[in-house]
1. On the given criteria, is K24 open to solvent by less than 70 Å² (accessible area, probe 1.4 Å) and touching a residue at least 40 places away in the same chain (Cβ under 8 Å)?
2. Hey, K56 hits all of (1) surrounded by 13 or more Cβ atoms within 10 Å (Cβ to Cβ); (2) touching a Ser or Thr at 6+ places or on another chain (Cβ under 9 Å) but one; which does it fall short on?
3. Please specify each residue of region 17-60 satisfying the condition of being among the polar types (S, T, N, Q) and not in a helix (DSSP H, G or I).
4. Considering only residues that are open to solvent by 70 Å² or more (accessible area, probe 1.4 Å) and assigned to a helix (DSSP H, G or I), which ones fall in region 2-16?
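The values are calculated or read from the model by the stated rules, or taken from the named source; none is laboratory data. None of the values given here were measured: they were computed from a predicted structure. With ideal geometry, Cβ positions are generated from the backbone for all residues, glycine too; neighbour counts draw on all protein chains shown. All accessible areas refer to the heavy atoms of the entire protein, side chains included, with ligands and DNA or RNA removed. Shrake-Rupley method; radii C 1.70, N 1.55, O 1.52, S 1.80 Å.
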Amino acid sequence: MDKTILAYLLVMNIMAFAMYGLDKYYAMRDKWRISEKNLLLVAYLGGSIGAYAGMKIFRHKTKHAKFTIGVPLAIVLHIAIAVYVMIG
């Protein structure tokens, strides 16, 4: 896989993890929050593993179906794309 793609995925996953942690921090302090749309968007744009790790480690968004189904679905989608690119 191209180094640029790997760097992009690394940045997206770090960013997703940080966003989930930051949103949990804000939630606990009744502060401005990161929108659910943006949390899911960063997961679907390549940060699915970071988002999943953030959900588990920070125990954040684990009771919302759109996250408990959507983020693992993004992981499956990214794996399918990677397999397709590597085989096809």
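1. No.
2. Every listed condition holds for K56 apart from (1).
3. S35
4. K3, T4, I5, L6, Y8, L10, V11, I14, M15
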